[in-house]
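Asker: Here it is: the structure, laid out below.
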Ligand code: SF4
Ligand code: SF4
């Protein structure tokens, strides 16, 4: 089963590698983007994954900063998925550049008035914080693995442990664990504003654009942030229900995660309602027309089926079934994540579909100047490929590191279990 | 029969003579009446033509703009503010500026710097059309340069918003930020692709921003944001932007706003003047006379 899984996901990853290669050699003409719909599917995935990352990270801080013991079991996996989601988001923005080989320009040249410039720095700091947290959390386990493993695996583990080896007496171990505990808190406290900056900042990228009336609102960053929390909680629910064997699952954990998810969804709906209703109220066409097209235009289903059904109603219904099995909870998580993808789509694409000046759409007609956009096959394949690569890496990490601590570790080493409790 | 005619002829003769004599008398009396008046007019008439007032130029506006351009170029660059004035009543929507610009800058498919928006106003039988050429507005507060993460697009001291092709990442953030849709992305396509091959003239160098560049492979300007730059490369060499010189309606004017006696400065002192989307506070450097 596991083999088959890795085989399939590995095959998809190869497709992903090919797609990246093809994209880098052929340029952006492979996409269906136009100059007027200048951001498309890849940017949708970019903000989706950045949101997933920020959401997961903020959930992990409930454990390490706010000491909410009930969520302890998802702490590590939350951090790990925050890391890999961030990697995915950055990969998407990388292949979306016209000149990817110049990505380093973003670090060398700065522009204090540009949100994007700030964001790039936020992403880096955020990445460092996650990596440091993961290292503190896992160093003890990894150094145990170094001792046990052989050959190439040993080398990899050694590399990941960055020279940390488990102390030989329990006193020192205790001291190290205390140190870990302290650092997790410090890093988490720095991490919270950073993660908020990461995703609310990503929202501000859109919020400050005066040319796009639908984006240009103070609610946009908030909407980004809250939907990030929704997707983060949904992912945790999905992963917990999927990865932890049924007999070891903690029902109260599933319940409280479900409750959290419903809470986030409710807040999200509130903000969406506020933003859209205000936008629709007046007959000023700027924002109203975009919203009308989005809700009742050709692609009405992205809003009604995706955003509302998949993203809100179905998960709330599934989660409110009393004694619902963990499969149902996993489904609720999955449905929410798909719904949030639709939310991301609607945050980006519809704003482009209205011409900024009446008559511009017919002034000079060309495929690349249309106010229309449907992602082509290549964009979809590339996206699936990239996501597969990240899922593969994530699965490999899950497979070889004691992330879901209910797995092996507990039995063969008593100290690990203690360690987990100490943290 | 003959005797019958005679009295008739006699009568005709009489009437003829009478009429002649009467007409002659009438003319003579009129002449006598008018004579002093004609004399009086003759007495007051000047024979020499007054010289034209000096400030009114008889030159073609293009020649005048050209002269003023040369004058402006003598100033330090930060004392210049290039602006364009477009007279919508003169524009005939021939698209010559769009085409001229594309030829000058070697624009690939899907990239356009100066489309002409054609709108129909009113309903039959009360209709007219309005034409709005839309170059980059070279805003004084450009939202596009503000968002660029690396400052690859920036405002020059003479007011021109330019792009550094070798720096630009091609993130297309600026495309989203321009309220006028003035920016295009270079997707790396060719007009003559698959016909069956790209014609050599598409691989000729262009000279935007004064740099010689050949569009090939993934090299800039392929993969960059592109837009109107008031033909900086022509200005540097003392020439007017291409759209100004190709405009058959003489509807496009160009010059230095900081020259109070210049053509453009005088044109925008008019109740007909407007700028696009003024309420956004972008302060375009392109003015329209409606
Ligand atoms: S018109 Fe658009 S591209 Fe030109 S300066 Fe203004 S915002 Fe920038
Ligand atoms: S496309 Fe180029 S000029 Fe435009 S914002 Fe991105 S880096 Fe700057």
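The values are calculated or read from the model by the stated rules, or taken from the named source; none is laboratory data. Just so it is clear, the model here is predicted, and its values are computed rather than measured. Ideal geometry is used to build each Cβ from the backbone, glycine not excepted, and the neighbour counts take in all protein chains shown.
Asker: Take segment B:187-204 and flag every residue that is free of Cβ contacts under 8 Å to residues at least 60 places away in the same chain and closer than 28 Å to residue B:235 by Cβ. Full working, then the answer.
Answerer: Going through segment B:187-204, the residues free of Cβ contacts under 8 Å to residues at least 60 places away in the same chain turn out to be B:192-201, B:203.
Matches in segment B:187-204: B:201, B:203.
Asker: Let me ask another. So which pairs qualify, if the first residue must be in segment B:145-163 and without any contact (Cβ under 8 Å) to a residue 24 or more places away in the chain and over 24 Å from residue B:84 (Cβ atoms), the second must be more than 10 Å from ligand 1 (Cβ to nearest atom) and part of a helix (DSSP H, G or I), the Cβ gap must be under 9 Å, and the two must be at least 6 apart or on different chains?
Answerer: Correct list of pairs: B:150/A:102; B:150/A:105; B:150/A:106; B:150/A:108; B:150/A:116; B:150/A:117; B:151/A:117.
Asker: When you scan segment B:203-218, do you find a residue that is farther than 24 Å from residue B:100 by Cβ, away from ligand 1 (no atom under 11 Å from the Cβ) and at the interface with chain A (Cβ under 10 Å from one of its Cβ atoms), even just one?
Answerer: For segment B:203-218, residues farther than 24 Å from residue B:100 by Cβ, away from ligand 1 (no atom under 11 Å from the Cβ) and at the interface with chain A (Cβ under 10 Å from one of its Cβ atoms): present.
Asker: Can you name every residue in segment B:205-215 that is touching a helix residue (DSSP H, G or I) at 6+ places or on another chain (Cβ under 9 Å) and free of Cβ contacts under 8 Å to residues at least 24 places away in the same chain?
Answerer: Filtering segment B:205-215 for residues touching a helix residue (DSSP H, G or I) at 6+ places or on another chain (Cβ under 9 Å) gives B:206-211, B:214-215.
If the condition is that a residue be touching a helix residue (DSSP H, G or I) at 6+ places or on another chain (Cβ under 9 Å) and free of Cβ contacts under 8 Å to residues at least 24 places away in the same chain, then B:214 is the only one that fits.
Asker: Going residue by residue through segment A:73-84, is there one that turns out to be within 14 Å of chain B (Cβ to nearest Cβ) and either buried (at least 23 other Cβ atoms within 10 Å of the Cβ) or under 30 Å from residue A:364 (Cα atoms) (or both)? Write out each step before concluding.
Answerer: Taking segment A:73-84 and keeping what is within 14 Å of chain B (Cβ to nearest Cβ), we get none.
So far as segment A:73-84 goes, no, none of its residues is within 14 Å of chain B (Cβ to nearest Cβ) and either buried (at least 23 other Cβ atoms within 10 Å of the Cβ) or under 30 Å from residue A:364 (Cα atoms) (or both).
Asker: Here are the criteria: (1) over 28 Å from the mean Cα position of the chain (by Cα); (2) at negative phi. Tell me which single one residue B:185 does not satisfy.
Answerer: With respect to (1) over 28 Å from the mean Cα position of the chain (by Cα); (2) at negative phi, residue B:185 is out only on (1).
Asker: Please work out if residue B:250 is in contact with a helix residue (DSSP H, G or I) (Cβ under 9 Å, 6 or more places away or on another chain) and either at pLDDT 95 or above or more than 22 Å from residue B:290 (Cβ to Cβ) (or both).
Answerer: Numbers: in contact with a helix residue (DSSP H, G or I) (Cβ under 9 Å, 6 or more places away or on another chain): yes; either at pLDDT 95 or above or more than 22 Å from residue B:290 (Cβ to Cβ) (or both): no.
Spelling it out, it is not the case that residue B:250 is in contact with a helix residue (DSSP H, G or I) (Cβ under 9 Å, 6 or more places away or on another chain) and either at pLDDT 95 or above or more than 22 Å from residue B:290 (Cβ to Cβ) (or both).
Asker: Could you check residue B:221 against (1) modelled with pLDDT of 95 or more; (2) within 16 Å of ligand 1 (Cβ to nearest atom); (3) buried (at least 16 other Cβ atoms within 10 Å of the Cβ) and say which number it fails?
Answerer: (1)
Asker: Inside segment B:216-226, can you point out the residues that are assigned to a loop (DSSP other than H, G, I, E, B), touching a helix residue (DSSP H, G or I) at 6+ places or on another chain (Cβ under 8 Å) and touching a residue at least 40 places away in the same chain (Cβ under 8 Å)?
Answerer: B:221, B:223
Asker: Given the criterion under 21 Å from residue A:38 (Cα atoms), within 10 Å of chain A (Cβ to nearest Cβ) and touching a strand residue (DSSP E or B) at 6+ places or on another chain (Cβ under 7 Å), identify the matching residue among B:130, B:134. Please lay out each step first, then the result.
Answerer: On the way: B:130 fails: under 21 Å from residue A:38 (Cα atoms).
Answer to the selection: B:134.
Asker: Show me the strands (runs of 3 or more DSSP E) entirely contained within segment B:102-159 in which 1 or more residues are away from ligand 1 (no atom under 14 Å from the Cβ) and at positive phi.
Answerer: Working: elements: B:116-121, B:128-133, B:153-155.
Ranges flagged: none.
Asker: Just one of B:176, B:285, B:184 is touching a residue at least 40 places away in the same chain (Cβ under 8 Å) and either within 13 Å of chain A (Cβ to nearest Cβ) or within 15 Å of ligand 2 (Cβ to nearest atom) (or both); which is it?
Answerer: On the way: B:176 fails: touching a residue at least 40 places away in the same chain (Cβ under 8 Å); B:285 fails: either within 13 Å of chain A (Cβ to nearest Cβ) or within 15 Å of ligand 2 (Cβ to nearest atom) (or both).
Sole residue among the options that is touching a residue at least 40 places away in the same chain (Cβ under 8 Å) and either within 13 Å of chain A (Cβ to nearest Cβ) or within 15 Å of ligand 2 (Cβ to nearest atom) (or both): B:184.
Asker: Would you confirm, using the coordinates I've provided, whether residue B:99 is more than 14 Å from chain A (Cβ to nearest Cβ), touching a residue at least 24 places away in the same chain (Cβ under 8 Å), more than 16 Å from ligand 2 (Cβ to nearest atom) and out of contact with any strand residue (DSSP E or B) (no Cβ under 9 Å at 6 or more places or on another chain)? First the steps, then the outcome.
Answerer: Working: more than 14 Å from chain A (Cβ to nearest Cβ): no; touching a residue at least 24 places away in the same chain (Cβ under 8 Å): yes; more than 16 Å from ligand 2 (Cβ to nearest atom): yes; out of contact with any strand residue (DSSP E or B) (no Cβ under 9 Å at 6 or more places or on another chain): yes.
No, not satisfied.
Asker: Going through segment B:188-198 one residue at a time, which ones are on the phi > 0 side of the Ramachandran plot and more than 7 Å from every other protein chain (Cβ to nearest Cβ)? Please lay out each step first, then the result.
Answerer: Residues of segment B:188-198 that are on the phi > 0 side of the Ramachandran plot, as a first pass: B:188, B:194.
Passing the criteria: only B:194.
Asker: Determine whether residue A:37 is more than 11 Å from chain B (Cβ to nearest Cβ) and in contact (Cβ under 8 Å) with a residue 40 or more places away in the chain. Please lay out each step first, then the result.
Answerer: On the way: more than 11 Å from chain B (Cβ to nearest Cβ): no; in contact (Cβ under 8 Å) with a residue 40 or more places away in the chain: yes.
No; evaluated as a whole, the condition is false for this residue.
Asker: Could you please give the count of residues in segment A:201-217 that are surrounded by fewer than 21 Cβ atoms within 10 Å (Cβ to Cβ) and part of a helix (DSSP H, G or I)?
Answerer: Number satisfying all stated conditions: 1.
Asker: Pick out the one residue from B:161, B:61, B:147 that is more than 9 Å from chain A (Cβ to nearest Cβ), under 19 Å from residue A:111 (Cα atoms) and in contact with a helix residue (DSSP H, G or I) (Cβ under 7 Å, 6 or more places away or on another chain). Give the derivation first.
Answerer: Values: B:61 fails: under 19 Å from residue A:111 (Cα atoms); B:147 fails: more than 9 Å from chain A (Cβ to nearest Cβ).
None of the other options fit; the residue is B:161.
Asker: Follow-up. Give just the number: which of (1) touching a helix residue (DSSP H, G or I) at 6+ places or on another chain (Cβ under 8 Å); (2) closer than 26 Å to residue A:193 by Cα; (3) away from chain B (no Cβ under 14 Å) does residue A:142 not satisfy?
Answerer: (2)
Asker: Considering segment B:204-215 alone, what residues qualify as being away from ligand 2 (no atom under 16 Å from the Cβ), assigned to a helix (DSSP H, G or I) and closer than 18 Å to residue B:185 by Cα?
Answerer: Residues of segment B:204-215 that are away from ligand 2 (no atom under 16 Å from the Cβ), as a first pass: B:204-207, B:210, B:212, B:214-215.
Then drop every residue that is not assigned to a helix (DSSP H, G or I), which leaves B:210.
Scanning segment B:204-215 gives no hits.
Asker: With the structure loaded, tell me whether residue B:168 is buried (at least 17 other Cβ atoms within 10 Å of the Cβ), farther than 24 Å from residue A:364 by Cα and within 9 Å of ligand 2 (Cβ to nearest atom) or whether it fails that test. Please lay out each step first, then the result.
Answerer: On the way: buried (at least 17 other Cβ atoms within 10 Å of the Cβ): yes; farther than 24 Å from residue A:364 by Cα: yes; within 9 Å of ligand 2 (Cβ to nearest atom): yes.
In short, yes.
Listed here are the residues, each with its yes/no results for (1) at pLDDT 95 or above; (2) within 11 Å of another protein chain (Cβ to nearest Cβ).
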| site | (1), (2) |
| --- | --- |
| A:16 | no, no |
| A:19 | no, no |
| A:22 | no, no |
| A:25 | no, yes |
| A:30 | no, yes |
| A:41 | yes, no |
| A:48 | yes, no |
| A:52 | yes, no |
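Asker: Then there's this: Residues to consider are A:279, A:197; find the one that is farther than 24 Å from residue A:82 by Cα, in a helix (DSSP H, G or I), in contact with a helix residue (DSSP H, G or I) (Cβ under 6 Å, 6 or more places away or on another chain) and touching a residue at least 60 places away in the same chain (Cβ under 8 Å). Even if it seems obvious, please write down each step before you answer.
Answerer: Values: A:197 fails: farther than 24 Å from residue A:82 by Cα.
Testing whether each residue is farther than 24 Å from residue A:82 by Cα, in a helix (DSSP H, G or I), in contact with a helix residue (DSSP H, G or I) (Cβ under 6 Å, 6 or more places away or on another chain) and touching a residue at least 60 places away in the same chain (Cβ under 8 Å) leaves just A:279.
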